[in-house]
Amino acid sequence: MKRRLIFAVLSVLLALSLSVGGVGASFAAEPEIYSIRVGTTLAPSHPYNLGLEHFRDLVAEKTGGRIKVEVFHSSQLGNERDMVEGLQLGTLEMTLISTAPLSGFTSDFLVFDMPFIFSDVEVARACVDSDIGQNMLDGLSTQGIMGLCFFENGFRSITNSRKPILTPEDLNGIKIRTMENPIHMDSFRVMKADPTPMAFGELFTALQQKTIDGQENPLAIIDTSKFYEVQKYLSLTEHFYAPAPVLMSRLFYDSLSADLQAAIKECLLESRTYERQLLDEMNAHLISDLKTKGMEINTVDKEPFIKAVQPVYEQYTGTGPGKIPAELIRRVRDFKK
Ligand code: EAX
């Protein structure tokens, strides 16, 4: 009796193991597929999104399809502050933004928001790619964010619907949209403009309805977001250089194996070069393109503008929240390639 019971139990166990595993079945688990949604505020044709699509294709190839990236342009996933909060909550995997809105989360990036702190794009790129920029990206870890590298937004110039801006005095009374950043707002306040912080997704309508007179952004944004349709004047002040940090949710990043993390970093560095090259190619012809599209474009003598914003350096140099250590300002200002 006992022998028959043991035989019956063993038969059931054998049948169960074969039905689960299958005869000669491989027990290797299927590799997990990781989906990354990455959001930006800019038009699909802007290098932000073209650079991310390049990253999408590179990382799919490099990981044999284990990482699947989907790019969401035009604020589909929210404004830049919303998307950073999404990374912290783990409701969004990745975003590409300007440093300016990060002022709501940390003071570490403020030095890059200082007016006229860079005058040469290659020096700016070398500086943000150096230990100076990497330390800032690493510091985001305490905020639940993996700072990966810097793409580029670029040197920002002023557009408006009222008049050419040739001197700081011309800004007197101009209602200008800025990013949500205290340094950007104070830089325009000291020139007697009237700054209004606003999410990028609301900007075109505000310009179209003339609830504001002007805004400031690099040429590639002025073109791809069609601001030339609602802004007559472009004044090439190049008053801020906007780096564009690529940020990932730490919750998501930490869920990846080391080889997938390395693949993401490698493909992003290649895509960074690609994105910057696209901007360089666009900038070579955008002034003539924007003239053809009806904008009245003027250069400016930058010296009076640099002099006019000096009080902002006095206001923000210091230690503690919302301040920038004098040594860091010196390092960035004097950075050599
Ligand atoms: O980061 O808000 C802005 O003007 C930025 O240039 C834009 O969101 C890209």
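Below is a table of values for the structure above.
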item: Net charge of neighbours whose Cβ lies under 15 Å from the Cβ of LEU203, counting Lys and Arg as +1 and Asp and Glu as -1; result: -1
item: Gaussian network model of the chain, Cα within-10 Å springs - most flexible of LEU52, LEU256, LEU171; result: LEU256
item: Amide proton proximity set for MET198, modelled H, under 5 Å, gap of 5+; result: THR178, GLU180
item: Value of relative contact order over the stretch 81-161, rounded to a whole percent, pairs C-alpha under 8 Å and six or more apart; result: 24
item: Percentage relative contact order, the stretch 33-333, counting C-alpha pairs under 8 Å, at least six apart; result: 26
item: Heavy-atom surface of the stretch 209-337, accessible at 1.4 Å and reported per residue (Å²); result: 47
item: Under 5 Å, built H, 5+ apart or other chain: amide partners of GLY154; result: ALA242
item: Most positive-pole-ward Cα, ILE132, ALA284, ILE165, against dipole of the chain from beta carbon charges; result: ILE132
item: At q = 0.15, 0.18 Å⁻¹, base-10 log of I(q)/I(0) for the stretch 141-210 (Debye sum, equal scatterers on each alpha carbon); result: -0.62, -0.81
item: Whole-Hz ³J(HN,Hα) from phi, Karplus 6.51 cos²θ - 1.76 cosθ + 1.60, for the stretch 143-148, glycine and proline x; result: 9, x, 10, 9, x, 9
item: Segment ASP131-THR196, extension gain: residue separation times 0.36 nm, minus the distance between their alpha carbons; result: 20.1 nm
item: Rounded to whole Hz, the Karplus (6.51, -1.76, 1.60) HN-Hα couplings of the stretch 324-337, x for glycine and proline; result: 10, x, 3, 5, 5, 4, 4, 4, 6, 4, 9, 4, 10, 5
item: Cα convex hull of the chain, projected area averaged across orientations, nm²; result: 22.6
item: CYS149 long-range amide H proximity, modeled H, under 5 Å; result: VAL246
item: In sequence order, calculated HN-Hα J values of the stretch 222-231 (Karplus, 6.51, -1.76, 1.60; Hz; x Gly/Pro); result: 3, 7, 6, 9, 6, 5, 5, 6, 10, 9
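The values are calculated or read from the model by the stated rules, or taken from the named source; none is laboratory data. The structure presented is a predicted model; accordingly, all values stated were derived computationally and were not measured. In this analysis, Cβ positions are derived from the backbone assuming ideal geometry, glycine residues included, and neighbour counts consider all displayed protein chains. Accessible surface areas use protein heavy atoms only, side chains included; no ligands, DNA or RNA. Shrake-Rupley method; radii C 1.70, N 1.55, O 1.52, S 1.80 Å.
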